[in-house]
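Worksheet: one structure, shown below.
The values are calculated or read from the model by the stated rules, or taken from the named source; none is laboratory data. Remember, it's a predicted structure, so these values are computed and weren't measured experimentally. Don't worry about glycine lacking a Cβ; one is built from the backbone with ideal geometry, like all the others, and counts go over all protein chains shown. Note: areas computed on protein heavy atoms with side chains; ligands, DNA, RNA excluded. Shrake-Rupley method; radii C 1.70, N 1.55, O 1.52, S 1.80 Å.
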Amino acid sequence: MTGRSSHAGAVAAVDLGATSGRVVVGRVDQSAGRLELEQLARFPNGAVRLASGLHWDFTGMYRDLSQGLAEAFRREPGIASIGVDAWAVDYGLLRDGRLLGEPFHYRDERTARAVDGVHAVVPFEELYRRNGLQFLPFNTLYQLAAEQASGCLGLADTLLLIPDLVAFQLTGARVAERTNASTTGLVGLADGDWDAELLARLGLGASLLPPLVSPGETVGRLRADIAAELGAPGDTPVVAVGSHDTASAIVAVPMDAGSAAYISCGTWGLVGVELERPVTSDAARAANFTNEGGVDGRVRFLHNVMGLWLLSESVRWWERDGTQVVLGELLDAAAAVEFPVAVFDANDPRFMAPGDLPGRIAEWCAEHGVAAPQSRAEFARSIIESLAQAFADAVRAASTLSGVDVSTIHVVGGGALNALLCRRTADRAGLPVLAGPVEATAIGNVLVQARAQGFASGDLESLRALVARCFAPVRYEPGGSRRDRDGASCGRRRAALA
């Protein structure tokens, strides 16, 4: 960007997902209505099975993101700050600043054994009143109970969630960013702080947990050795963003929160509405809706749907013999399937673990007296239809439970590129779907940093207005029509980051 004013600048966003990570440079000039992204690195990420269970290759991921940051500083020497977002609930344990092994993956089976033990001490009904979180067997508090039972927890002096662990490697600072901490089950709704009483009842050491910081605060500055390795100025700050990737993504949903639902769709489909206050009614608990922290103190009232994991893991299973499945061709074939296909429960726990998902879908169909898909195209169509139905059901529930009169659904993330999924979600929900931006998580990361650096200002609505100006969504009407929104899309010139 040329001719920058004092209100324009660049930041680096590290965006880590469950299947891939990337480093993006964001260039922001709010006064000129300019928001541009440039992806400078993309690298695979995923589970590694060791003798101890399913883990993340954190060491390899950190190596890759460091190389991406070095390229970012080489290409854009004026980068003002770095922000890191990642998936929720997982963590690393440290002792004297050293990582005690690769972090466990939330899909590891060990957590299931800990659930009953936790609920025997603190019933789920009470947990929901305290932390407002839906039941997911891999939430951090269940992982820690499993860790404690193994005897490993006593070896650590610090617990850091994944994005905070990256920030620690960069700066040496030990903090917990609030939006991600809110997903652990260990933060109280009443005061927004670590729940010391709950920790004591579960026998979990409060001393493991670092102080909480809010999006926009400076975590620390690059360590001298890291700055030299990255080719960055030594005073470059690492800024807390909505470090839970969904929190960053929701910042970039160009919505009217009073009348819209969102679906942040990638490995998971996070379906909900944005509120000012949590909803912890018995009905919300029974519907398994969660109240997670958002940027600027907003509440992300949402429900987890299994998401595109169902499709990506099926493709991985089909490719295990060395054959390649081209996703675009598979989706084209799925769209051409004309007869009804099975609509299964996308949230059935059997679909959580890696493995033969097509076989498990067929198993579900047999148990429920439904004809199972026969071809890969039919399986893909069945997955799309099942996700669309789950999304539509979750939108209706979010509206009913929260009182938000939803008239539009926004789909952001990788799922916004899946035209069949967006169209069928509109059809099944009976509401228009606005798809995009695909790059919502990176955009939200960039915007929170930009506001902290003075390149942008205002509330979330002001930031979303900039997103709406620069990233034109695709609109899907119930009944099959699709059209691009009128107007320029200044971001698409630089960012096709699917």
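For this structure, a couple of remarks:
- Table column - 3J(HN,Hα) (Hz), the stretch 361-373, Karplus curve with 6.51, -1.76, 1.60, x for Gly and Pro: 4, 4, 4, 4, 4, 4, 5, 10, x, 10, 5, 7, x
- Sorting the segments 37-45, 132-140 by their residues' average number of neighbouring beta-carbon atoms within 10 angstrom, most packed first, yields 132-140, 37-45.
- Using a probe of 1.4 angstrom and keeping all protein chains present, the accessible surface of the chain works out to 37 square angstrom per residue.
- Positive-end residue, the chain charge dipole about Cα centroid, Cβ charges, pick of Ala442, Phe301, Ala398: Ala442
- Calculated over the stretch 302-402: convex hull of Cα atoms, volume per residue (Å³): 110 Å³
- For the chain: relative contact order, % (alpha-carbon pairs under 8 angstrom, 6 or more apart): 17 percent
- Gyration tensor (Cα) of the chain, equivalent ellipsoid semi-axes in angstrom: 32, 29, 23
- Our summary gives the stretch 303-365 a relative contact order of 50 percent, counting only alpha carbon pairs under 8 angstrom and 6 or more residues apart.
- Cα-based equivalent ellipsoid, the stretch 187-238: semi-axes from gyration tensor eigenvalues, Å: 34, 14, 5
- Using the rule -39500 (n - 2.57) for each DSSP H run of four or more residues, divided by the residues of the chain, the 222 nm mean residue ellipticity is -10500 deg cm²/dmol.
- Cβ crowding within 10 Å averaged over residues, with 395-403, 245-253 ranked highest first: 245-253, 395-403
- Accessible area of the stretch 312-362 belonging to carbon and sulfur atoms, whole % at 1.4 Å probe: 55 percent
- Charge dipole (debye, nearest 20) of the chain; +1 at Cβ of Lys and Arg, -1 at Cβ of Asp and Glu: 900 debye
- Highest mean packing first, where packing is the average number of other Cβ atoms within 10 Å per residue, the peptides 283-291, 93-101 line up as 283-291, 93-101.
- The stretch 204-249, accessible surface, carbon-and-sulfur percent (1.4 angstrom probe): 51 percent
- With all protein chains modelled, accessible area of Thr19 [1.4 Å, Å²]: 80 Å²
- Local electrostatic count, Ala371, Cβ distance below 14 Å [Lys/Arg +1, Asp/Glu -1]: -3
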